[in-house]
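Have a look at the structure below before the remarks.
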Amino acid sequence: PAASAAPLAGAGASHIVSGDRLWALGFGKTSALMADRSWAVLQPSGGIDSTGALWTWGSGNLGVGNLPSSVYPLRVGNDSSWRSLFRGESHSYAVKQDGSLWGWGHYYLYSTTVFNSSLPVQIGTDTNWRFVTGAGYHLAIRTDGSLWAWGHNGHGNLGTGDNLSSNVPIRVGSATDWQSASCAGWTSFGIKTDGSLWVWGDNSGNYGNGTASASSYVPIRVGTDSNWLKISGNDQSVAGLRTDGSLWSWGAGLGGVLGLGSTANQLTPARIGTSIDWVDVAFGGSHVVAVRSGGSVWSWGTDLSQQFGLAGVSASNVPLDVSPAFIPKARFAIYQGTQSVTSTSNSWSCPTAIRQEPTFLSIKVRNNGFAPLVLTGGSLAGFTVTYPPAVAGLAEAAIQIRLDAVSSGQFWGTVPLQSNDPDRANFTITLSGTVVSPESDTDADGMKD
């Protein structure tokens, strides 16, 4: 796949991911996940980079074995042959460049297990798949432009003309001009190569499918426009991007999630503002994130988890520029062994030293941001503390401690540490250590230490 001309957007239930370098914003904090990498496919907890390598992060079904979770991206396999990805809560699907379909995690339909694997396994033997997506069910497009669906079908969301579920792909109609598809709750959308938008599945609330009509078990066209590019939505609301760079929305307006300046419902597509430089859009739980061609990141809806990164903002019914949250910053982390210390202070003990024979302790630090991390700190009698030079983004270094062993006795005290991380500017290191005389017998074994 080719890299995006501008940063892509992804939205989870409580966070935003975006960037040519990979960022995550949630709970009021921006974290750098990966540097110097452009993306062809980006989702809230996975992506395919411009080389075709597949990466996952977050909780569950990582595709790398039985590891339960990872804060940072993990590469799935060693090949660079991926082209399409769906990352779900319990399972994932992906398509390789050779047209093969793969899955991992635990996917079941009622009592039937479709697959259960901690590593990708090939699904079937066909080699003409091009695209896959999903929710509680799945839509996929083959290289011949045909559309296929499988999974739960209680709302006619498979588009096969009935409400019968299936654990194997079933063809949707006979058209061979499908370009893309998306799942918004139990409502399905498809865009054809001529730019027309089609919908099927649930519309029991009389909003969300963009047609102001009843539910349909087969695809029906949304309006007459022929310049649709992408659709993203949840179970009640939808946002759409057109080829002219305009952004549209419809469905339930609760919390201002439509971005239209109110919380009113909208039965058919309505334009969000007048800008024509939008390049990507993604729906989260109750918020939307979109990116403009210059790389700025915008969001609206409900800020339940501080994913906007803007102080004093709890909701917005119009797009807000959240780009300031993505300005490169240093992010300081310090470790006790392999565990990151989350408190504002911690204690470390140096190995026991014999007088005139110093011992050493190394304290690992990490920069989880993109800007260089700079550490400064105080000194402590009995110890020599050496701070690393500026730590590059997403890199590790160490604070080196020497128990000087000039004289015998017990030594301890605190060292104030400062960083240029705006959210963690101060940290207190408590050091302790013991220096014994060469003539001492501290272990009572009858021998001098």
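Quick notes on this one:
- Share of carbon and sulfur in the accessible heavy-atom surface of segment 80-204 [1.4 Å probe, %]: 49 percent
- Within the chain, DSSP assigns beta bridges of which about 95% are antiparallel (rounded to the nearest 5).
- Ordering Gly377, Leu54, Gly159 by Cα displacement along the dipole of the chain toward the positive end leaves Gly159 in first place; charges were set at the Cβ atoms of Lys, Arg (+1) and Asp, Glu (-1).
- Rel. contact order, % - alpha carbon contacts under 8 angstrom, at least six apart, the chain: 10 percent
- Size estimate for the chain follows the Kirkwood approach: the inverse of mean 1/r over distinct Cα pairs works out to 24.4 Å.
- The calculated FRET efficiency for the pair Tyr72 and Thr51, based on their C-beta separation and a Förster distance of 30 Å, comes to about 0.95.
- Taking 0.36 nm per residue of separation and subtracting the current Cα-Cα distance, fully stretching the chain between Thr352 and Val121 would add 77.9 nm.
- Per the Debye formula on identical point scatterers at the alpha carbon atoms of segment 206-358, with no solvent, log10 I(q)/I(0) at q = 0.08, 0.17 Å⁻¹ is -0.36, -0.96.
- Segment 169-296: C-alpha pair distances exceeding 20 Å, %: 39 percent
- Pairwise Lys count, the chain - Cα closer than 28 Å, eight or more residues apart or different chains: 6
- Computing FRET efficiency as 1/(1 + (r/R0)^6) for Asn167 and Tyr335, where r is the C-beta to C-beta distance and R0 is 51 Å, gives about 0.65.
- Gyration tensor verdict on segment 282-399 (Cα atoms; rounded if a/c is under 1.5, prolate if a/b is larger than b/c, oblate otherwise): prolate
- Mean sequence separation of contacting Cα pairs (under 8 Å, at least six apart), scaled by the length of segment 231-342, corresponds to a relative contact order of 20 percent.
- With both labels modelled 7 Å from their Cα along Cα-to-Cβ, the Thr386 to Ser275 distance reads 4.9 nm.
- Phi angles across segment 352-357 convert, under the Karplus curve 6.51 cos²θ - 1.76 cosθ + 1.60 with θ = phi - 60°, into 3J(HN,Hα) values of 4, 10, 8, 3, 6, 10 Hz, Gly and Pro given as x.
- For the pair segment 296-370 and segment 72-91, the centres of their Cα atoms are 26 angstrom apart.
- Amide H contacts under 5 Å for Ala398, placed H, 5+ residues apart: Val365
- For segment 93-98, the Karplus equation 6.51 cos²θ - 1.76 cosθ + 1.60, evaluated at θ = phi - 60°, returns couplings of 10, 8, 10, 8, 4, 7 Hz by residue, with Gly and Pro reported as x.
- The apolar share of the surface of segment 330-449, taken as the fraction of accessible area on carbon and sulfur atoms (1.4 Å probe, ligands and nucleic acids excluded), comes to 53 percent.
- Taking all protein chains into account, the per residue accessible area for the chain stands at 42 Å² (1.4 Å probe).
- Of Ser362, Thr193, Gln236, farthest towards positive along the dipole that unit charges on Lys, Arg, Asp, Glu beta carbons give the chain: Thr193
- Between Met447 and Ala398, the modelled label-to-label distance comes to 2.8 nm, taking each label 7 Å out from Cα in the direction of the beta carbon.
- Applying a DSSP loop filter and a limit of 14 other Cβ atoms within 10 Å to the chymotrypsin sites (Phe, Trp or Tyr not before Pro) in segment 75-124 leaves Tyr110.
The values are calculated or read from the model by the stated rules, or taken from the named source; none is laboratory data. Because the structure is predicted, anything quoted here is derived from the model rather than measured. Neighbour counts are summed over all protein chains in view; Cβ atoms, including those assigned to glycine, are modelled from backbone coordinates with ideal geometry. Ligands, DNA and RNA are stripped out before the accessible areas are found, and what is left, the full protein with its side chains, is counted by its heavy atoms. Shrake-Rupley method; radii C 1.70, N 1.55, O 1.52, S 1.80 Å.
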